[in-house]
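For reference, the structure is listed below as structure tokens.
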Amino acid sequence: MGHITEGTLLWQPTEQDRQNANLTDYMTWLSREFDVSFDNYAALWQWSVENAAEFWQSIWLYFEVISSKEATTPLASPAMPDAKWFEGAELNYAENFFARKVAGQAAILFKAEDRPLIEITWDEIAQQTAQLASALRMMGVAKGDRVVAYMPHIPETIVALFAVSSLGAIWSGCSPDFGSRSVLDRFQQIEPKVLLTVDSYQYGGKTFDRREIISELNIGLPTLEKIIVVSDIVGEEEQAENNKFVAWSDLVYDSDESQELTFEQVSFDHPLWVLYSSGTTGLPKPIVQGHGGILLEHLKMSSLHLDLKPGDRFFWYTSTGWMMWNFLIGGLLAGATIVIYDGSPGYPNLNVLWELAQKVGITYFGTSAAFIGVCVKANLTPGESYDLRRLRAVGSTGSPLTPEGFAWIYKNVHPNIALESVSGGTDLCTAFLGGCRLLPIYAGEIQGAALGADVKAFNESGESVVDEMGELVITRPMPSMPLFFWNDPGDERYRASYFEMYPGIWRHGDWIKFNERGGCVIYGRSDSTINRQGIRMGTSELYRTVESLPEVQDSLVIDLELLGREPYLYLFIVLKEDRELDDALKSKIKQSIRTEISPRHLPNEIAVISEVPYTLSGKKMEVPVRRVLLGSPVEVAVNVGAMRNPKAIDYFVELAESVAIDD
């Protein structure tokens, strides 16, 4: 396959593909049950957004949602951000998973760097969930209480989510590669009652001891009543210094009597979990999503867009710090077995995940555009090295996938699969742009907007545009949109985060361009949020860490993520008098970021500047500087008249010219 340009046709569904697609079955069902018929996906999508109440009601009925009380209406108060979904309904997120287990089929296939592949049945998950839920209930955990997890991508974490949600308690998690400051910035906001944690994790062939951080979390989270430890490197007696600590094995594996799995019935909009997406100011945003909204959204995506079926083996490389972990679990709703991997995708080499795909017969292989880019550079040929004949689809997300990335998949992985580039966000815990087995696939393009997601590109005047890059907006509500932000009186922060630019319209913070056929391309962030492998981190978190160092006076962080460019994170610092940026200080800064925040967010380059550009109102000018460094003329990118220190922008104009960042 030679040079591929954006828009080159790479794949078309066969007639058999169309007949076998879950979307086709759903459309046939709609025709029979709702008396609506559609000739193509575009017409179906149009109906789904223009008739939101009817569409989401059809999802409820088609997937036979288990509930103890029916809703009075699918959608009341349809205006954002005050939409009310399925009022009066009572259900439980976890119950709907166990109701869909496929007899004789594994629920989870688990592989870790340092552990052999194991298979976990639905019966085992049900038993462990019941045991843990009973233990949590004995600890006083009740509906509405918060239970947090500092856990890696292992089966115990999934069991814990099911146990917590079965009680109507509220889940929240962080990956164990997050430093204590990042974890406390998240968990302190929601005042948890119980912490689940590992005492170590494995990554890249190394073991990372987390016992010191657990101690810091214990001190920093005064509301904790119990800490449940999944022990790996230490004996349980070392964790038993006081009765706050308890071993997972004592609760789940060594209990004297088996417990019955029960499900607390909660309202459709009862909080299910708190996810975090950082903005540019303040603490990470604690995003609360509900049992019903997440359930409907993940039923829709896993079946109708990912086209998962019983017998499928669904994999997505993720960590527990990324919403793709939550999304991957949703694959169980379609009757698929989920494949989970804990460890580095590059250890002991870049073939480790492709080898896993062959070993377990993965049918849907989900990864990040960054991983595909690394495989391209390494000249990998997994399709030649491994038997990937069971593979039906590859999913890519986290950042935009280039046409070259598309071409590499079709040449070096499989010539006849659905390559689904998808995009969404933590904020809705889904992809609202993604795959459709009824449509062709073109290089560099996402196939289109998902059902029920009225995604548009808006220009600065708030007008929908085609064949022109604009702000990604969602113009109608979706059930998995946040219920609220935790501890946000009057929803002020929630409204400011998404509805300030276009009142009543969700502005997501990405650049997007739609073409005439409905396909689209994401060009990167339109704000200054840092995106690393899909995990978004606020610049404010880095500022707190970097500027706490005695050598640093001020700082500016710029993430140059844009389609077709290598992700590049710049850290600009203003040093205090008589200080210099030597190798020792660079190492100190990076170590602080590594331990306080995460290794993912280390800068590619640290540079000294004389002053940070500020607006007259005292805000760091992250977005204008980013635009300058990506090649925009300074007169377009910067309103110099609104600057407190106009000369400060000159450095960045010269930098953009000297390194030729603008291609």
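The values are calculated or read from the model by the stated rules, or taken from the named source; none is laboratory data. No experiment lies behind these values; they were computed from the predicted model shown. Virtual Cβ from ideal backbone geometry, glycine too; neighbours counted across all protein chains shown. Ligands, DNA and RNA are stripped out before the accessible areas are found, and what is left, the full protein with its side chains, is counted by its heavy atoms. Shrake-Rupley method; radii C 1.70, N 1.55, O 1.52, S 1.80 Å.
Any idea how far the Cα center of the stretch 43-73 sits from the one of the stretch 488-505, in Å?
Here the answer is 26 Å between Cα centres.
What FRET efficiency do you get for Glu657 and Glu492 if R0 is 51 Å and r is their Cβ-Cβ distance, rounded to the nearest 0.05? Spell out each step's value before the answer.
On the way: r = 41 Å, r/R0 = 0.80.
Once the sixth-power term is evaluated, E becomes 0.80.
Just report the Cα centroid separation between the stretch 325-340 and the stretch 416-465, whole Å.
Centre-to-centre distance over Cα atoms comes out at 21 Å.
Calculate what fraction, in whole %, of the accessible area of the chain sits on carbon and sulfur atoms when a 1.4 Å probe is rolled over the protein chains. Can you show the working numbers first?
On the way: 11850 of 25500 Å².
Carbon and sulfur together cover 46 percent of it.
Leaving out ligands, DNA and RNA but keeping every protein chain, what accessible area does His414 have, in Å² rounded to the nearest 10, with a 1.4 Å probe?
Ignoring ligands and nucleic acids, His414 comes out at about 40 Å².
Please compute the modelled spin-label separation between Lys69 and Ser548, points set 7 Å along Cα→Cβ, answer in nm with one decimal.
For the pair Ser548/Lys69, the computed spacing is 4.5 nm.
At R0 = 22 Å, how high is the FRET efficiency between Arg594 and Tyr568 if r is their beta carbon distance? Nearest 0.05 is fine. Present the calculation step by step, with values, prior to reporting the outcome.
On the way: r = 18 Å, r/R0 = 0.83.
So, using R0 = 22 Å, E works out to roughly 0.75.
Run the numbers for Thr28 and Asn515: contour at 0.36 nm per residue of separation, minus the present Cα-Cα distance, in nm.
Values: separation 487, 0.36 × 487 = 175.32 nm, distance 2.82 nm.
Additional length available on full extension: 172.5 nm.
Just to be sure I understand: of the beta bridges DSSP finds with both ends in the chain, what percent are antiparallel, rounded to 5? Walk me through the numbers on the way to the answer.
On the way: 58 of 101 bridges.
Here the share of antiparallel DSSP bridges comes out near 55 percent.
So how much accessible area does Asp123 have, in Å² to the nearest 10, using a 1.4 Å probe?
100 Å²
For Asn459 and Gln46, calculate 0.36 nm times their separation in residues minus their Cα-Cα distance, and state this gained length in nm to one decimal.
On the way: separation 413, 0.36 × 413 = 148.68 nm, distance 2.14 nm.
The Asn459-Gln46 span can extend by a further 146.5 nm.
How much mean residue ellipticity at 222 nm does the chain get from its helices, if each DSSP H run of length 4 or more adds -39500 (n - 2.57) and you divide by all residues, to the nearest 500 deg cm²/dmol?
When only DSSP H runs of four or more count, the value is -8500 deg cm²/dmol.
Taking the Cα centre of the chain as the origin and placing charges on Cβ (Lys, Arg +1; Asp, Glu -1), which of Leu221, Val455, Gly290 is farthest toward the positive end of the dipole?
The one lying farthest along the dipole's positive direction is Val455.
Can you tell me the accessible area per residue over the chain, all protein chains present, probe 1.4 angstrom, in square angstrom?
Spelled out: the 1.4 Å probe surface of the chain, per residue, equals 38 Å².
Computed FRET efficiency, Cβ-Cβ of Ala103 and Asp387, R0 35 Å: what is it to the nearest 0.05? Don't skip to the answer; put the middle values down first.
Working: r = 28 Å, r/R0 = 0.80.
Plugging the Cβ-Cβ distance into 1/(1 + (r/R0)^6) gives 0.80.
Any chance you could run the full-extension gain for Leu575 through Ser215? It's 0.36 nm times the residue separation minus the Cα-Cα distance, nm to one decimal. Write down the numbers at each step before the final one.
Details: separation 360, 0.36 × 360 = 129.60 nm, distance 3.28 nm.
Roughly 126.3 nm would be gained on extension.
Using θ = phi - 60° and the Karplus relation 6.51 cos²θ - 1.76 cosθ + 1.60, list the HN-Hα couplings for the stretch 78-88 in order, rounded to whole Hz, with x at every Gly or Pro.
Per-residue couplings from phi come out as x, 6, 6, x, 10, 4, 10, 9, 6, 5, x Hz.
Pull up all non-local amide H partners of Tyr347: gap of 5 or more, or a different chain, and H-to-H distance under 5 Å with H placed in the peptide plane.
none
Given H placed 1.01 Å from N in the peptide plane, which residues other than close sequence neighbours of Val394 have an amide H under 5 Å from its amide H?
Amide H neighbours of Val394: Phe365, Ala418, Leu419, Glu420.
Just to verify a number: what accessible area does Thr402 come out at with the full protein assembly present, 1.4 Å probe, Å² rounded to tens?
The value for Thr402 is about 30 Å².
What does the C-alpha gyration tensor say about the overall shape of the stretch 257-312? Classify as rounded when a/c is under 1.5, otherwise prolate if a/b is larger than b/c, or oblate. Provide the component values of the computation, followed by the final result.
Working: a/c = 2.21, a/b = 1.26, b/c = 1.76.
Here the stretch 257-312 falls in the oblate category.
From the square roots a ≥ b ≥ c of the eigenvalues of the alpha-carbon gyration tensor of the stretch 7-128, which class results: rounded (a/c under 1.5), prolate (a/b over b/c), or oblate? Provide the component values of the computation, followed by the final result.
Values: a/c = 2.07, a/b = 1.23, b/c = 1.68.
Oblate is the answer for the stretch 7-128, as a/c is 1.5 or above yet b/c matches or exceeds a/b.
Explain nothing, just the number: dipole magnitude of the chain about its Cα centre with +1 on each Lys and Arg Cβ and -1 on each Asp and Glu Cβ, in debye rounded to the nearest 20. Intermediate results must be reported in sequence, preceding the final value.
Values: 55 positive and 88 negative charges, 83 e Å.
Once rounded to the nearest 20, the dipole reads 400 debye.
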